[in-house]
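J.: Could you have a look at this structure, given as C-alpha cells, before my questions?
The values are calculated or read from the model by the stated rules, or taken from the named source; none is laboratory data. As the structure is a computational prediction, the values presented were derived from the model and not from experiment. Cβ sites come from the backbone with ideal geometry, for glycine too, and all protein chains shown count toward neighbours.
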There are 2 protein chains.
Amino acid sequence: MRFDLVTIGDELLLGLTIDTNGAFIARELAELGGQIARRVSVGDAADEIARAVGEALERTGAVITTGGLGPTSDDLTRPAIAAVFGRDMYFDEVQWQRIRALWQARARPGEPPEANKQQVMLPEGCVVLENPIGTAPGIFLEDSAGRWTAMLPGVPGEMRAMLNERLIPLLLSRGRLGENVVRSRTLRTTGVAESMISEMLGSNARGFDDVSLAYLPGLEGVDLRLTVRDAPPDVADARLEARAAILRARMERYLYGQGTLTLPEVVLELCRARALTIATAESCTGGLLASRLTSIPGSSDVFLGGVVSYANEVKESLLGVPQEMLDAYGAVSSEVAQAMAAGVRERLGASIGIALTGVAGPGGGTPEKPVGLVWIAVDFGDWQRVYKGHFFISREDIRFRATQSALDAVRRRIEVPGDKTGIRND
Amino acid sequence: MRFDLVTIGDELLLGLTIDTNGAFIARELAELGGQIARRVSVGDAADEIARAVGEALERTGAVITTGGLGPTSDDLTRPAIAAVFGRDMYFDEVQWQRIRALWQARARPGEPPEANKQQVMLPEGCVVLENPIGTAPGIFLEDSAGRWTAMLPGVPGEMRAMLNERLIPLLLSRGRLGENVVRSRTLRTTGVAESMISEMLGSNARGFDDVSLAYLPGLEGVDLRLTVRDAPPDVADARLEARAAILRARMERYLYGQGTLTLPEVVLELCRARALTIATAESCTGGLLASRLTSIPGSSDVFLGGVVSYANEVKESLLGVPQEMLDAYGAVSSEVAQAMAAGVRERLGASIGIALTGVAGPGGGTPEKPVGLVWIAVDFGDWQRVYKGHFFISREDIRFRATQSALDAVRRRIEVPGDKTGIRND
C-alpha cells in the first residue's frame, strides 16, 4: 500500500517543533508493507488542510494525518476533512462520556470544559479510533470508492498509541496493508571517505538490482544502508543478507558494526572478551572519549578511568609527562601523546592506554600545528603506535572524530592485527 | 514573503531520518519575514521531485529544496529541477577546481573521484551558491516571471552554512524577504519543574495578549520561549523585551541564561571574570562534565583538568580518597563525593573542585542506593557543599542532568551566594 502523510500545525511551518511523528509512522507502516508516497505539512488553516488532503486522496487514495484534533480554536482538522468527504458533523455521546470519565479519573473537579465538546463533533459515518491515553478521539473516514483518511492526534505519545492499537489493526483487518514490506540493514564504516567507499565497492557502488544502497555520512563515519522494497518479509531478509555479505567482504577492515551498534560498544565488547582494560588520557578532547565509553551500560568492567589533562601541569603531575619533553616538543606532539598513553596505562594499571592531544580550535592554530591536528597514541604495553590525525569543520566535529579514530585504532589492533593503515584525515 | 519548502530523500519517507533541516530553515527565514506556506517531502525520484517543485512554484513561486545534491546515482535534484525550468546542464569548471582544491587541502592522494563531477553539472543560467564546507555547490534558479528555486544540500552542517552565508544574503539583496517578522526569545531555567514555573508565573503562566509563551522542557531544564508574530522588527523586539523582563523577575535564581547560551558557558564566564579555576572528579558521569566544559572554545583558561575515577583504585591513587572511607561508606556516598572534590581541587591546584559519584544505571541499583542517586560535591576551599540528587528516566538522562545540577550549584554559589536551595530531583 502507498499512502500520503499530512502533518498539521502552524508550529511545523514556523520551525518551532521538529516533526518526529512522520518518521515514526513511516517506520511502523514500512515494516507492514505500507509506503509513504509523499509527506506534506500545512498550517492550522481549514482551506490548506482540505487542499492538502484532497490532493493526497487524488494521488494515492490513502491518507494519514496528525494534529489539529485538540479542543482549541486552531484545531480544524475534523471539519476541514469532513468537508472534503462531504460529511456533516454530529455530537458523539459515547465519546463525550469517555472524556467525562477520564476527567473524573484524573480527580479533577466538576465537568470537563465546554471546549472539549468540540473534540467529539465527528463526521457522519466515520469509524472512531478511541484514544487510549488522552481526550481527542481519532477518526477514520472512507468514501464509496474505498479512498480513506485516518486522523490521528499530534501529541507523539497519543499518536503512537493510536497508530499501533487502533489504526494498524483496522488497516490489517480490512486488508489495506500489503503482503510485501520495506526492510533495511545498515553497515557501519569509519575512517574511510564516501568517495573511497564508492571505489572499493566497484560495480556495486550504486547498489544492486534487488537491493538499493544509500551512503549516510556522519560524525561516526559513513553508514551504508541497504534497503529492499516491496518484497515478502522472508525474501527481503534473504536478499539483505546476501547483499550485506558482499559489502562486508569489500569493506573489510573499515567495517566496525551493523545496525545501531556504536564503536564504543564494539571496542568494549572486544576488550571484554579478551579481559583487556582501558585507561584514557585526554587533552583536546577533554573527557569526550571517556564520556563516550562510560555512556555504555556495563563499561566499568573494561574502562578503569582517565585523566583530562587540559593544563600542562596536569600532564606532568597526573601522567608523568616530563617538563623537558613538554618544553622541547610542545603539548601537541607525538612524543607527548605517547608519554600520556604510557603514563595513564601504567598509573591506572590498565592493559591499554589511549591518549589524544591536539588543537580543537577554533583558535590556537599555528602553521606547524594547525586547528584540527590531533596526535593519537595507543599503548598496549608490548605494542605502541602513534597516529597523526587531521580533522575538519568545527570544534565539535574535530573532537568527536578524533575520539572515533582513537577507538578505531584500538579496534583494528585487536580485530585486524596485521593492518598497517594509518588514520585517515577527515 | 511566502515560500514552499521541499525536502528530498528516500530516508525521509522511510522514516530513517528525522528532518531537522526544515525546522531550521523555517526559523531562520521567519526572523527575516519569510513564512513557509507548505512543507513537502518526496523520495529520490526525478518525477516526484519535479512534480513537487512544479506544484510549489504554482502556489508561491518561491521554493527552497534540501537534499539530493550529492555525488551518487540517487542524487537527482539538479537535473529534475533544471527540467522544470527548461534548462540544459553544463560542466562548471570553477566549481570543479574548488572541489579539487578541497581534495588537496585535505591531503588526499590523486584526483577527486569521477563521481564528484556530477556535482558540478549545473543548470544553465543559475546562480551558484558556493559551499563553504563541502563539495556540493548549491543552486539558485529563477525564471523570467521572477519565480525561483534554491537548492541546498541535505547534510545539516552544509545546509546551515549555505543558507546563512549564501542564500539569505542573496534573497535580501533582491528584496525577496518581507517587512514583518516572527521573533522569539528564550529564557533558560534549570532545577525547577514545569508545573512549579507555572505557579511562579501566576497570571502570566499562559503568556500575554501580544506575546505567546511556550514551555520547552529538556535535559538542560525548562526553556521559556516568548514569540511575537507578524510585527515590524522593532515592535517585536520591544514587546519581547518588556515581557521577558516580567518573566526574569518572576523566575529569579532559576534563570541561568537567554537564547542559546548554555550552562557551561555561563559557569566558565562567571569563573573567568573572577579568575577562578575548575577541576573535576567524575565517577558515574564518566567525563561528561569535563567534556561539556571543554566543548566551549577558550575553556582552558578556567578548566585545568579532571579525573575520571571509574574504578575505586583510581579514586584512591589519583584523588587520594582513603581506602577506609570507600570501605566504610561505599563509592556512592556523600563522604566520598566530598573527598573526591577536595582531592581533585588540591592535586590540580584549582579554585573549585567538583565531584560526582552515583548510580547511572540501568543496573547496579539497591534499595539504599537506587539507580539515579548521585552525590554532587562542590569545594571552593573555604566553602564546601554536598548535594544529594535523584534523577530519572535513562542512563543518558541521569548522567546529563547530574552534570547540569553540578554546574548549577557552582553558578548559584557565585551568582546567588545567599541561596539555600538544594538540588531538585528530576
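J.: Restricting the range B:357-390 to residues that are in a loop (DSSP other than H, G, I, E, B) and touching a Gly at 6+ places or on another chain (Cβ under 6 Å), which is surrounded by the fewest Cβ atoms within 10 Å (Cβ to Cβ)?
T.: My answer is B:V371.
J.: Being closer than 18 Å to B:R176 by Cβ and of a type in the set (K, R): is that true of B:R147 here?
T.: Criteria met by B:R147.
Residue by residue, here is whether (1) free of Cβ contacts under 8 Å to residues at least 40 places away in the same chain; (2) more than 18 Å from B:L288 (Cβ to Cβ) holds:
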| site | (1), (2) |
| --- | --- |
| B:G349 | no, yes |
| B:G358 | no, no |
| B:G364 | yes, no |
| B:P367 | yes, yes |
| B:G372 | yes, no |
| B:A377 | no, no |
| B:W383 | yes, yes |
| B:K388 | no, yes |
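J.: Shifting gears a bit: Quick check on B:D19: is it in the same structural domain as B:E165 (by TED's automatic domain parsing) and closer than 16 Å to B:G157 by Cα?
T.: Answer is yes for this residue.
J.: Looking at B:S41 and the list (1) free of Cβ contacts under 8 Å to residues at least 24 places away in the same chain; (2) facing another protein chain (nearest Cβ under 7 Å); (3) of a type in the set (G, A, S), which single condition is not satisfied?
T.: Only one criterion in (1) free of Cβ contacts under 8 Å to residues at least 24 places away in the same chain; (2) facing another protein chain (nearest Cβ under 7 Å); (3) of a type in the set (G, A, S) is unmet by B:S41, namely (1).
J.: Same structure, new question: Does B:A275 satisfy being on the phi > 0 side of the Ramachandran plot, more than 13 Å from every other protein chain (Cβ to nearest Cβ) and out of contact with any strand residue (DSSP E or B) (no Cβ under 9 Å at 6 or more places or on another chain)?
T.: Yes.
J.: Could you check the range B:205-324 for helices (runs of 4 or more DSSP H) lying wholly inside it with 1 or more residues that are buried (at least 23 other Cβ atoms within 10 Å of the Cβ), of a type in the set (V, I, T) and not assigned by TED's automatic domain parsing to the domain that holds B:G34? Walk me through it before giving the result.
T.: Numbers: elements: B:233-251, B:263-273, B:288-294, B:312-319.
Counting at least 1 such residues, we get B:263-273, B:288-294, B:312-319.
J.: Still on this structure, I have one more. Among residues belonging to the range B:51-68 that are of a type in the set (A, V, I, L, M, F, W, C) and more than 13 Å from chain A (Cβ to nearest Cβ), point out the one that is surrounded by the fewest Cβ atoms within 10 Å (Cβ to Cβ).
T.: B:L57
J.: Out of everything in the range A:325-338 that is assigned to a helix (DSSP H, G or I) and within 10 Å of A:L356 (Cα to Cα), what residue ends up being nearest to the chain's Cα centre (by Cα)? Let's see the steps before the verdict.
T.: Residues of the range A:325-338 that are assigned to a helix (DSSP H, G or I), as a first pass: A:325-329, A:334-338.
Remaining after also requiring within 10 Å of A:L356 (Cα to Cα): A:334, A:336-338.
Working: A:S334: 35, A:V336: 36, A:A337: 33, A:Q338: 35 Å.
Checking each candidate, the answer is A:A337.
Yes/no per residue for (1) in the same structural domain as B:V6 (by TED's automatic domain parsing); (2) basic (K, R):
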position	(1), (2)
B:R106	yes, yes
B:P113	yes, no
B:E124	yes, no
B:D143	yes, no
B:A150	yes, no
B:G157	yes, no
B:E165	yes, no
B:V192	no, no
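J.: Anything in the range B:98-112 that is basic (K, R), within 31 Å of the chain's Cα centre (by Cα) and over 19 Å from A:F391 (Cβ atoms)? List them, or say none.
T.: Across the range B:98-112, the qualifying residue is only B:R98.
J.: When the range A:358-387 is examined, which residues are found to be over 23 Å from A:L268 (Cβ atoms) and under 30 Å from the mean Cα position of the chain (by Cα)?
T.: Within the range A:358-387, A:G358, A:V359, A:A360, A:G361, A:P362, A:V371, A:G372, A:L373, A:W375 qualify.
J.: Then there is this: Among the residues of the range B:43-56, is any of a type in the set (A, V, I, L, M) and closer than 21 Å to B:S173 by Cβ?
T.: no
J.: Hey, another quick one. Write out, first by first residue and then by second, each pair whose Cβ atoms fall under 7 Å of each other, whose residues are 6+ apart or on separate chains, and whose first residue, in the range B:308-334, is away from chain A (no Cβ under 14 Å) while the second is outside any loop (DSSP other than H, G, I, E, B) and aromatic (F, W, Y).
T.: Final answer for the pair search is B:S333/B:W375; B:S334/B:W375.
J.: So, in the range B:76-87, how many residues would count as being within 20 Å of B:L163 (Cβ to Cβ) and either surrounded by fewer than 22 Cβ atoms within 10 Å (Cβ to Cβ) or among the β-branched types (V, I, T) (or both)?
T.: The qualifying residues number 2.
J.: Right, A:F85: within 13 Å of chain B (Cβ to nearest Cβ) and among the aromatic types (F, W, Y) or not?
T.: no
J.: Further question: Can you pull out the residues in the range A:40-59 that are closer than 18 Å to B:A26 by Cα and touching a Lys or Arg at 6+ places or on another chain (Cβ under 6 Å)?
T.: A:S41, A:V42
J.: What is the residue count in the range B:27-47 for residues that are within 18 Å of A:V6 (Cα to Cα) and buried (at least 20 other Cβ atoms within 10 Å of the Cβ)?
T.: Residues meeting the conditions: 7.
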